[in-house]
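Read through the structure below, which is laid out as structure tokens, and then see the notes.
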Amino acid sequence: MRALYSSRMTPQDANSGAGAGARLIDGKALAAKLRRETADRVAKLTERGRPVRLDALLAADPDGPAAVYAENQGAACAKLGIEYHLHRLSPTSEYRDIAGRVLLMSRDEDVSAIMVHLPLPDGVDSYSVQCLITPEKDVEGVNPANIGNIVYGRSSLAPCTALAVLAMIESTGVELQGRRCVIVGASDIVGKPIAVLLMRHEATVISCNKHTENLPALTREADVLVAAAGVPGLITADMVKPGAVVVDVGTSRVAQPDGSRRTVGDVDFDQVRKIAGWLSPVPGGVGPMTVAMLLRNVVDAVER
Ligand code: NAD
């Protein structure tokens, strides 16, 4: 992704408007740009006789949120010229039905990209199913072989949220090599892959979790701070180094005094924006970039 500023800039340099508040890392705008780039690549592949196709498996409630997401995904694919095949299985399917379908998709030469919508039916272990997706087609980067390949620098099919976070940090123009990056949250699918991608850029990476002692002392030293704990308001202004790049992955639905619900991140946005150099909002930050990144991964898988 094109950097907006010189690649040698530090977070502090990049914040030339220091005092005026953080610059926004606009996930919606970055996602729109990424979708345009992806659509161009799809058009070129299609011209060369290589259709771009994503096969997704859905075995959840056909009226539930996973089904809505799967249908929206179909519409998003259509806009970019990506063929979308949704394999709908019953929400009472057993492991062998789901595993059998994933194995067929993995072996089918016409299928170049696979994803499995969660949740899976009760009693079906998602990890076991994800292990069956052939790594070259695993566009969500959930097969454990892919995270290993990421460590070795041999795959770009990393979990989409981690790729989204990296692209958002890179969009600020901050040079990652040697920078101190603190990641708050260390789950297998979000925090750990972010740490691995930052390590691949030779950043100095500190991974924090709910047992980390004196978290503010670590976050205050961070040139790049990634909040991915799922704890609303965890990152307050006094925990942020002036001029730092702050990316908020957290997505929580919290009740408002009027009874409505609002989506919020882990970062106290209004206070932290006075201190940080760059800050991503929630909503409109990592979320839309994650969705766009999955579609980029589809094209990456086809081009292999
Ligand atoms: P998780 O519950 O699996 O992991 C949370 C991690 O945060 C754990 O490592 C835990 O130890 C750590 N943690 C919890 N409280 C902490 C604290 N007080 N201090 C330090 N560390 C703490 O969650 P997850 O699946 O990794 O998701 C994290 C957040 O990211 C959630 O809000 C989730 O909704 C959001 N998310 C957003 C996107 C997106 O596209 N925007 C994608 C995935 C997840």
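Throughout, read-outs are computed from the coordinates displayed, never taken from laboratory work. Just so it is clear, the structure is predicted and the values come from calculations on it, not from any experiment. Ideal geometry is used to build each Cβ from the backbone, glycine not excepted, and the neighbour counts take in all protein chains shown.
Using 0.36 nm per residue of separation minus the Cα-Cα distance, give me the extension gain between residue 43 and residue 68 in nm, one decimal.
6.3 nm
Across region 25-39, in residue order, what do the Karplus-derived ³J(HN,Hα) couplings come to in whole Hz, using 6.51 cos²θ - 1.76 cosθ + 1.60 with θ = phi - 60° and x for Gly and Pro?
8, 7, x, 5, 5, 5, 5, 5, 5, 5, 5, 5, 4, 5, 4
In a shell of Cβ-Cβ distance under 14 Å around residue 231, excluding residue 231 itself, what net charge do Lys and Arg (+1) and Asp and Glu (-1) give? List each step's numbers first, then the result.
Details: positive: 210, 253; negative: 248, 266, 268.
For residues surrounding residue 231, the net value is -1.
What length, rounded to one decimal in nm, is gained on full extension from residue 50 through to residue 79, with 0.36 nm per residue of separation minus their alpha-carbon distance? It would help to have the intermediate numbers written out before the result.
Details: separation 29, 0.36 × 29 = 10.44 nm, distance 1.73 nm.
Once the chain is fully extended between residue 50 and residue 79, it gains 8.7 nm.
Provide the per-residue ³J(HN,Hα) series for region 134-149, in order, calculated from phi with Karplus coefficients 6.51, -1.76, 1.60 and θ = phi - 60°, each as a whole number of Hz, with x at glycine and proline positions.
Per residue, the Karplus-derived 3J(HN,Hα) values read 4, x, 5, 10, 7, 6, 9, x, 9, 6, x, 4, 5, 5, x, 5 Hz.
Specify the residue with the greatest mean-square fluctuation among 224, 151, 182, computed from a Gaussian network of the chain linking alpha-carbon atoms under 10 Å apart.
Judging by the Gaussian network model, the answer is 151.
Which order, highest average first, do 231-241, 133-143 follow once you tally other Cβ atoms within 10 Å for each residue and take the mean per peptide? The partial results should precede the final answer.
On the way: 231-241: 18.8, 133-143: 23.4.
So the order, starting with the most tightly packed, is 133-143, 231-241.
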